[in-house]
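Q: Can you keep this structure in mind? I'll have questions shortly.
Derivation of every value follows stated rules applied to the coordinates shown; laboratory data play no part. What you see is a predicted model; the values in this text were computed from it and never measured. Virtual Cβ from ideal backbone geometry, glycine too; neighbours counted across all protein chains shown.
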Amino acid sequence: MTESLLKTPLHDWHVRRGGRMVGFGGWEMPVQYSSIIAEHTAVRTVAGLFDVSHMGRLRFAGPGAVEFVERLLTRRTCDMQPGVIRYTLVTDAASRILDDALVSRENDAAGSPVVGLVVNASNRCRVVAWIESQLPDSGVAFEDRTFETAMIAVQGPLALGIVGRLVADAAGAARLAALRGYRGTEAVVAGVPAAVTRTGYTGEDGVELVVPAAEAERLADAICEAGKADGLLPCGLGGRDTLRLEAAMPLYGHELREDTDPFAAGLGFAMNVEGRSFPGVERFRQPAAGPSVVRVGLVIESKRPAREGHDVLAPGMESPVGTVTSGSFSPTLGVPIAMANVAAAHAAVGTPLAVRIRDAIEPARVVRLPFYSRKKT
């Protein structure tokens with residue numbers, strides 16, 4: 001393992017539990033413990049625990065914080081109330097998409113607004129550099145808190161209940177139980193003060209907890225013990241990727257790149273363009289005709305999974321009409337699935353297409369995204 005890879009506060013915990021470690025986004029992370037399918041299935045049926053401490057955790061405070069973030073991101077944030085979380089993009093003056101992120105709003109102990117931003121591990125350094133280049137001379141205190149905290153995701157239909165068992169305080173347990181999607185609160189979990197959000201990257205219910213780095217192992221142990229009888233498993237990046245693919249969640253570097261049209265990628269909800277000015281906004285004013293290329297879901301009608309970069313073909317056409325951005329076997333559906341960018345004329349649900357997989361042309365069809373949706377309770 002390359003010495004330059006960063007390590008999360010749970011690195012040794014993963015190694016002790018048999019996690020197979022790989023490099024990812026500049027960090028040494030577990031790709032799996034037992035098998036990807038077993039971990040994937042645990043999340044879909046019971047619960048799984050993921051170390052997501054490699055994600056960047058940024059903080060804005062001070063009297064100018066709310067106004068600064070409103071000018072920084074593609075999503076409107078000035079109307080966010082404490083506890084609210086939104087998906088957004090980070091763009092620069094050249095209209096490049098630097099990352100996708102989650103932005104949150106809280107108040108500090110004195111009642112002053114604090115804005116949080118969670119960004120991808122592989123993009124953290126350049127996002128931080130861009131933000132620092134845009135900071136005003138005063139009024140905004142900006143911190144990168146990635147290394148002083150840890151972030152643990154507990155995902156699955158039983159996740160909220162498992163974590164709730166570890167909240168001894170009745171008021172805190174009630175807040176957690178009442179927490180809605182894309183909302184956050186504070187709770188003491190297994191004796192550890194935590195910022196808890198009902199968010200995740202798996203398509204399942206669950207929570208993500210940000211805690212002091214020194215408390216990460218104690219919390220992870222407590223969650224695993226609390227969920228042991230239910231079948232909770234520690235999970236790695238492999239299962240996280242197949243889960244997010246089934247849920248049709250975009251991954252930066254695949255469905256989302258610097259030059260991606262967010263509307264074509266199905267991310268128009270994160271582009272609050274009208275009446276706002278954020279870096280590079282002019283590129284994102286949507287033409288009336290709509291995008292010429294659209295992100296779609298494909299089910300591959302063979303046993304061979306498509307992979308990123310494979311050509312998508314239409315019947316009777318020699319030239320590709322699209323490109324696969326992510327693909328894998330779906331443990332939940334039992335078939336190979338993929339997301340792809342295809343010409344809008346070939347994007348309707350039910351359209352027959354094909355994918356060139358190595359030396360073979362494998363039939364496929366366009367299906368509605370997401371491939372999998374959890375049952376809402």
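Q: Cα centroid distance between the range 10-25 and the range 214-241, in Å?
A: Each part reduced to its Cα centre gives a spacing of 13 Å.
Q: When only Cα pairs under 8 Å and 6 or more residues apart are kept, what is the percent relative contact order across the chain?
A: 17 percent
Q: For the chain, would you read off the P(r) tail past 38 Å as a percentage of all alpha carbon pairs?
A: Percent of Cα pairs beyond 38 Å in the chain: 19.
Q: How many lysine pairs in the chain, separated by 8 or more positions in sequence or lying on different chains, have Cα atoms less than 30 Å apart?
A: Value for the chain: 4.
Q: Restricting attention to the alpha-carbon atoms of the range 292-367, what are Rg (one decimal) and Dmax (integer), both in Å?
A: Rg, Dmax (Cα atoms, Å): 10.9, 33.
Q: For the pair residue 71 and residue 282, how long in nm is the line joining their label points, each one 7 Å along Cα→Cβ?
A: 1.8 nm
Q: Something else now. Determine the distance separating the Cα centre of the range 149-185 from the Cα centre of the range 314-377; give it in Å without decimals.
A: The range 149-185 and the range 314-377 have Cα centres spaced 36 Å from each other.
Q: In percent, what relative contact order does the range 1-73 have, based on Cα pairs under 8 Å that are 6 or more apart in sequence?
A: 24 percent
Q: Determine, from the Cβ-Cβ distance of residue 319 and residue 168 and an R0 of 51 Å, the FRET efficiency 1/(1 + (r/R0)^6), rounded to the nearest 0.05.
A: For R0 = 51 Å, the calculated efficiency reads 0.20.
Q: Something else: Calculate for the chain the 222 nm mean residue ellipticity that helices alone would give, adding -39,500 (n - 2.57) per DSSP H run of length 4 or more and normalising by residue count, nearest 500 deg cm²/dmol.
A: My calculation for the chain gives -5500 deg cm²/dmol from helical runs alone.
Q: Using modelled backbone amide H atoms (1.01 Å from N, in-plane), which distant-in-sequence or interchain residues come within less than 5 Å of residue 8's amide H?
A: HN-HN under 5 Å from residue 8: 28.
Q: Please report, in whole Å, how far the alpha carbons of the range 56-144 spread along each principal axis, starting with the longest.
A: Reported extents, whole Å, longest axis first: 35, 27, 20.
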